[in-house]
Structures are given as structure tokens and as C-alpha cells.
Amino acid sequence: MTTAMAVAEGAALKLAPLRPFCPNSTLLTLTTSSSSRASFRRLSSSSSAVLADSHPPASGSLSLGHLTRPDFPILHQEVNGSKLVYLDNAATSQKPSSVLKAVQKYYEAYNSNVHRGIHFLSAKATDEYELARKKVAEFINAAESRDIVFTRNATEAINLVAYSWGLSNLKPEDEIILTIAEHHSAIVPWQIVSKKTGAILKFVDLDGGEVPDVSKLRGMLSKKTKLVVVHHVSNVLASILPIEDIVQWAHDVQAKVLVDACQSVPHMVVDVKALDADFLVASSHKMCGPTGIGFLYGKSELLASMPPFLGGGEMIADVFLDHSTYAEPPSRFEAGTPAIGEAIGLGAAIDYLSEIGMQKIHDYEMELANYLYESLQSVPSVRIYGPKPSRNIDRAALCSFNVEGIHPTDIATFLDQQHGVAIRSGHHCAQPLHRYLGISASARASLYFYNTKEDVDNFIQALNDTVVFFNSFK
């Protein structure tokens, strides 16, 4: 990993080598002179003053971000001597106190296994676990709680569909359509299944606006198409796809649709009845809930037709020495002791989000998204990936970008170590998309409803400082 390290006068400023990013990138390993050390101190002190002078607006004009920030203890700390500015929400969200307390209460007051005991603690744990399932169903407007299967994460949910539905239904020459902007979790399972079944993967590339070309997707659909795997919101491009249209087109040729909703369920109203998707997956940790749990939504008739994914306790009806019979969904797909505390925490996160209102969250984030994009455009030599926002085009509240001549990991490291700004760098589990864009990596700033315009301002100021610093060595 690259490290950017500011040290006391007389010591060295050192950035360890990293693999080349592009021909124009400059990765530094150097010892500074007295003049460059002084220059560096001036850059850092000037930006620190800006960060320190940032204040929230008067109470009468408090944004949703200002109103909700007090609920998130982790946001109120200093990192490397600077106030934390957390802009890595597409990777994971922070957790409000109510979620932390809900998980703590489970372990302190009624920790027990579910579905297996008649004593008070087990009954209480079972009730809360199943209540969490009901909350998920209501949150995405599923017809019934039994349409929700708890999994370790969205990745496991996709694998569940791939191994249970995919291996049972796909045959040689059947086609699965995906986009090149899919997360690895939505690509790799289907690569494995295609090798086992002989099914063919077909990929949709981007249009001129750097959005997956849905017109090409529609044109690729045929009677050979058995499944469309598509994200709702891109974790790199910030593009938002017309899922209702895609589902309708797929159903017209009798194909099923699996929607990766990891970047949409936490940020907007998602109604599975309106979308009519056959399968939909999401992760708790991106929507203010604990890590270690996600969910699969599946239409009840599809889930009922699918064989088990894993074998063991809980997923059985009866076990004999020579065979077993299986429980009805969702238990059929939840072998072993589940993530009970995590499910309860997810339920608490849904309570928290619902109290705010998902439409309110979405509207506020759209405002933040435009502000982030416009602010980031002001940075010299920046390249932002994905569509340009307009009256007809919305972007999610994230920006993946590069600055000419500076490796994204150097940017992320300097922002963290010198300014306490947390962003992501790398390929964001989307290597095929990055290759299509002609890059190996990008930096990404991603917002949530507890972020503010002041967070964006601090990020832009720190990024400008970072650019000036690295350019000073050219």
C-alpha cells in the first residue's frame, strides 16, 4: 500500500512505491528539502484552518445530515489529528445508536437460539428475529414475510440463487444477460454456474453517457434468455437503471430478473411489487445495520420450487438415515444457527430509516449528489466517471474519479493521513468496468443522509490540497 506520511521537521516525507497506474501517474519516494517541507506545512495548515472553521448552519436551516449526525457516535471523532469526514458509504454505512443498543440488548437480555426452545429467552429471541424478517418485507413491500430469506450478505444471496435456481434451471446454450458494470458478486457466481451448465453469459456495455446501455440490453433479449442479472444503482458510475422497464422486457421473453439492490435499498424507496423483479438482494451493513447479514427477496412460487442451498439444522422437515425432507421457504434456505443479533440489528436499522422516511432520504441525497458532482468538477484535472446529472438524469450520491498524474491510492492515503477524510480507492469490486474505462483503479467519495454539504466542502478543500502537494513534485 502507498503511504503518505507527514513527520517532524528534519525527517523524511516518504510515499512507498505502488504499481504504475497510468503513464502520467507519479508515485513518489523522496526525501524533502527544507523548502519543500515548509511548503507542505503551509498547505496542510491552510486546509486545516478551513476544516476547523466549518460550522453547521443556524438551527432554522438544519439539513437532514445535521439533524441525524448526533445519532451516529462514530462520526464524532478525530482521525490523524483532523475531524473525521466519512465518505465511504458505498462500502459500508455507519450505525446509529438505536441499532447498537438493539444488538446490545439482545446479547444482554434475551440471547438464545431461535426456533429451538420453549423457554422465555428462546421465545423472545425467535419473536424478535421473525419480527425483523417482517420489517424487511414491509420495507421493500414484499407480499409476505416468507418471501424474505436471511443470508450472510448480498453475495451469499446471489450465490443462493445461482446454485439453487441456476443449477436446476439452466441448460446448455441458455443465456444470462449482465452488464459490464456489475459487482464481482453478481458476475463470479454466474461464471461458475455457466461452466457447470453450459449456459452462456452475455454482457451489455456502456452508452455514450457512461451508463449501461439498456437499449442494447433490450435488443439482446431472446427466447434463449433465461435470466437477467442487473444492478439498480452502480457503485462506480452512480447511474440508476430503469428496473421496471428491464423487468418487463425480460418477462416478455419469459426470462427471470435478479436485481442487485445493495446501492438502492439504503437510499430510496424500493417496492418489489412495483418492480416485479423475481429476485432482489441487499445488505444490512449498507443501510445502517450490522455486518454479517443480508437478505434475498424471491417470489414465493420461485422459492418454493428451489432446492436447498446448504444442508443442516433448521432447513429440514424430517431426517432419515437414507434421505431427508426439507422445510418450506424461507427456512429451507437458512441452515444452521442464523445471525440472530444481526437480524435484530437490521430490524432496528429499518425502524430508524422508516422513521426518517425513505423518500425524504432520497430527496436529500439527490441534492447532495448534485452538490458533490458540481464541487468535484472544480478540482483541476479531475475525471468523474458516469453520467452527468441533468434535469432528466439523476446520479446517486457518489462519484468515482481520477486526477491526472496522481494514483487514486495516493489520493485516498493523503486525504486520510493529512485531513481525516475517508474515501475509497481501488477497483471497487468492478474490474471489468474499470478495464472498459481504460483504468486500473479510481478514487470514490460516497455519501449518505448523515453527510452534509460541509462534508463535501471539506473533502474538496482537502482534495485540492492533495493535488497541489503531489503536483509540487513534478
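See the values below:
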read-out: Unit charges on C-beta of K, R, D, E only; dipole of the range 333-391, Debye; value: 440
read-out: Phi to ³J(HN,Hα) by Karplus 6.51 cos²θ - 1.76 cosθ + 1.60 over the range 203-214, Hz, x for Gly, Pro; value: 10, 9, 8, 8, 8, x, x, 6, 10, x, 7, 5
read-out: Crossing angle, helix 243-252 versus the chain [Cα axis fit, 0-90 degrees, rounded to tens]; value: 40
read-out: Beta bridges per DSSP with both ends in the chain, % antiparallel, nearest 5; value: 60
read-out: Per residue, in Å², the accessible surface of the chain once ligands and nucleic acids are set aside, probe 1.4 Å; value: 42
read-out: On Cα atoms only, tilt of 97-109 relative to the major axis of the chain in degrees; value: 50
read-out: Accessible surface of the range 81-197 [probe 1.4 Å, protein heavy atoms]: carbon and sulfur percent; value: 53
read-out: Largest-first principal axis extents of the Cα set of the range 216-276 (Å); value: 34, 25, 14
read-out: The range 184-224: translational diffusion in µm²/s, Stokes-Einstein, Kirkwood Rh over Cα pairs, 10 °C, 1.306 mPa s; value: 135
read-out: Euclidean distance between Cα centres, the range 175-230 to the range 103-150, Å; value: 35
read-out: Helix-only mean residue ellipticity at 222 nm for the chain, each DSSP H run of n ≥ 4 adding -39500 (n - 2.57), per residue, nearest 500; value: -12000 deg cm²/dmol
read-out: Computed lengthening from Q377 to V253, 0.36 nm per intervening residue step minus Cα-Cα distance; value: 40.4 nm
read-out: Rounded to the nearest 20 debye, dipole of the chain from Cβ charges on Lys, Arg, Asp, Glu; value: 1040
read-out: Selection of trypsin sites (Lys or Arg not before Pro), the range 371-415, meeting DSSP coil and at most 16 other Cβ within 10 Å; value: R391
read-out: Dipole magnitude of the range 210-300, debye to nearest 20 (Cβ charges: Lys/Arg +1, Asp/Glu -1, about Cα centre); value: 320
read-out: Solution diffusion estimate, µm²/s, Stokes-Einstein, the chain, Kirkwood Rh from C-alpha pairs, 10 °C, viscosity 1.306 mPa s; value: 66
read-out: Set of the range 413-427 residues, backbone N closer than 11 Å to the point 7 Å along the Cα-Cβ line of N80; value: 413-423
read-out: Longest to shortest principal axis, alpha-carbon extents of the range 229-331, angstrom; value: 52, 38, 20
read-out: Value in Å of the Kirkwood radius, where the range 68-162 supplies the Cα pairs that are averaged; value: 16.4
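The values are calculated or read from the model by the stated rules, or taken from the named source; none is laboratory data. Bear in mind that the values here come from a model prediction, so they are computed numbers and not experimental data. Neighbour counts are summed over all protein chains in view; Cβ atoms, including those assigned to glycine, are modelled from backbone coordinates with ideal geometry. Ligands, DNA and RNA are stripped out before the accessible areas are found, and what is left, the full protein with its side chains, is counted by its heavy atoms. Shrake-Rupley method; radii C 1.70, N 1.55, O 1.52, S 1.80 Å.
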